[in-house]
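Take a look at the structure set out below.
The values are calculated or read from the model by the stated rules, or taken from the named source; none is laboratory data. Values in this document were obtained by computation on a predicted structure and should not be read as measured data. Backbone-built Cβ (ideal geometry, glycine too); neighbour counts: all protein chains shown. Areas reflect the complete protein model, heavy atoms only, side chains present, ligands, DNA and RNA absent. Shrake-Rupley method; radii C 1.70, N 1.55, O 1.52, S 1.80 Å.
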2 protein chains.
Amino acid sequence: MPAKAARAANRTNVASTKPSARSGEAVDEHGNSLRKAFYEIRELIVHGRISPGSWIVEADLARRLAMSRTPVRSALHLLQREGYVLEHTNVRKSRMVVSPLTREDAGELYSIIGHVEGLAGRGTARLPKQRRMEIAGQLKSLNRQLRAILQDKTPAAGAIFDADHNFHRLIIESGAGPRLRALHASIEPQAERYWRLYASSILNDLHLSVAEHDAIIDAVVAGDPDRVEKTLQTNWENGCARLAHVIEMYGERGSW
Amino acid sequence: MPAKAARAANRTNVASTKPSARSGEAVDEHGNSLRKAFYEIRELIVHGRISPGSWIVEADLARRLAMSRTPVRSALHLLQREGYVLEHTNVRKSRMVVSPLTREDAGELYSIIGHVEGLAGRGTARLPKQRRMEIAGQLKSLNRQLRAILQDKTPAAGAIFDADHNFHRLIIESGAGPRLRALHASIEPQAERYWRLYASSILNDLHLSVAEHDAIIDAVVAGDPDRVEKTLQTNWENGCARLAHVIEMYGERGSW
DNA sequence: AGTATATATCTTGTGGACAATAATGTATAC
DNA sequence: GTATACATTATTGTCCACAAGATATATACT
């Protein structure tokens, strides 16, 4: 009776092979699996290591992340709620797939981000003048960086992304409250998915975005909430248009 | 495939003695616990049955909802990410509390909702004329309802809330894509928390909101995205101001 | 009494067992 | 050869046991 034996063994807690942390090792500490699962899976999706539209199996991910299904499962639910993953709508049994990348979705996503950042930008614009100048200085520096990278004959997509990302992040950090910040943090990486996939094709148009950044900086200096909001929205809107063009050319991913 | 072997061995399973569903009973079906937990807990929080700032214990909730801790736990994580619940930031051990209601949070929340709805409103404003007129008709009807209720000498807070809610929901449904809709669905109930708590004190000022609705309707009829967005934002902004006043008077809940 | 330490208790975090359901494959009847 | 019933496998959903951390309580010592 293997089953009974196994069960009994279980209960008496022979405990076998304790995973207890050894002396010096930087072992995964207890209590971080869910976080880890969330960020790692998100990373996998954002970086396209799991392709859009593909089929997710909890057990596979669990094995890959060297943990049990429990935290993986929770992480997937979080990711679902945030839009990284879709639930293939069978009643009472959720089949999860990586959200596909489509032109339509990109449009909605970008406009949401534009508005969220626009709202944050209003906050930034209302800061005291001194603080605003300080921020404008940093923004200028970041934009200079961006320009410099773009002038390279072989610009590294990663570096460009980081600079652009930092530019926008600075605005969020300085002008948004906790809620808005969380919202941005949950949505923004989804734009990165599109960026990464089509980056190479967008690079040529990127000087346009840099120019738009200048307009944003001017508006921050002026301390004009409406203008900051507007210029930010425009930046995302145009970014979306540039992206849409590329998607049109190369096709969507994972939607079939 | 070692997994397979293990599974096969497992399968001896004598077990039974099962809580299997009886013939006719409307037994809770397998596969809906998480959903149920999420909505029920959210409901408890929104309705104030668990007071703001109070201390959540997974096991208690699990007992209350007649299920195990697992789905409750997942639901709490979702609610945390959406802002209904806060993690008392001890590293690697999350103590969860119901988010307190504060003036500051209300401000941020309302402005986010205003902008989200504003964006949806832009979508509504861009619909073909015929559809817009149809929607405007329904909006007018809802606003008439609202006016009627307000004229009662003993207006029922619930009815008012529902009418107002439907008004805004119609705009979302008609003008927002799936992402924006989901976003709204996750944020909006949090405004309801404030509403429910301070409802009685706001009732007097509510005719102002009704007037603002008229401006929204006009803008929809005109098909002017900027104006629809603006009027919606104004509606929420003013709502927030009215609320802030009351919070100032009666104090915050759960922040100490 | 007051403080510090040990102990008990409560709560959360994770893994894994099992149950339920969907998908797939196989055999059988016709 | 096809279609239907049946068996098998793959995968998700829930529960429970136990471990790790906190918090509260009791005890010892000065």
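The table that follows gives values for the structure above.
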{"item": "Cα gyration tensor category, rounded, prolate or oblate, for chain A with a/c compared to 1.5", "result": "prolate"}
{"item": "Interface size B-A, as summed buried accessible area [1.4 Å probe, Å², nearest 100]", "result": "2900 Å²"}
{"item": "Label geometry 7 Å along the beta-carbon vector: A:E134 inter-copy distances in nm", "result": "5.4"}
{"item": "Shortest-first distances to equivalent copies, position B:E29, nm, label 7 Å out along Cβ", "result": "4.4"}
{"item": "Peptide B:62-75, shielding by other chains (average Cβ, 10 Å cutoff)", "result": "1"}
{"item": "Radius of gyration and maximum dimension Dmax of the stretch A:32-100, Cα, Å", "result": "10.9, 31"}
{"item": "Loop-exposed GluC sites (Glu not before Pro) per DSSP, neighbour cap 12 Cβ within 10 angstrom, longest uninterrupted part of chain A", "result": "A:30-256"}
{"item": "Protein-protein interface of the stretch B:145-188, residues with accessible area decrease of at least 30 Å², isolated chain reference, 1.4 Å probe", "result": "B:R179, B:L183"}
{"item": "Residue order for B:T124, A:T234 - accessible surface, 1.4 angstrom probe, largest first", "result": "A:T234, B:T124"}
{"item": "Computed E for B:D60/A:E173 - FRET, C-beta separation, R0 56 angstrom, nearest 0.05", "result": "0.90"}
{"item": "Mean accessible surface per residue for chain B, computed with a 1.4 Å probe while every protein chain stays in place, in Å²", "result": "54 Å²"}
{"item": "The stretch B:32-99, accessible surface, carbon-and-sulfur percent (1.4 angstrom probe)", "result": "48 percent"}
{"item": "CD proxy at 222 nm, helix term only [per DSSP H run n ≥ 4: -39500 (n - 2.57); per residue of the protein assembly as shown; nearest 500]", "result": "-23500 deg cm²/dmol"}
{"item": "At 7 Å out from Cα toward Cβ: B:A148 inter-copy label distances (nm, ascending)", "result": "6.8"}
{"item": "FRET E, pair B:N166, B:T70, Förster distance 35 Å, beta-carbon r, rounded to 0.05", "result": "0.50"}
{"item": "Net charge, A:H168 excluded, C-beta distance under 9 Å - Lys, Arg +1, Asp, Glu -1", "result": "-2"}
{"item": "10 Å-binned pair-distance histogram of the protein assembly as shown (Cα, whole percent)", "result": "3, 15, 24, 26, 18, 8, 4, 1"}
{"item": "FRET efficiency for B:A148 and B:E248, using Cβ-Cβ distance with R0 set to 35 Å, rounded to 0.05", "result": "0.70"}
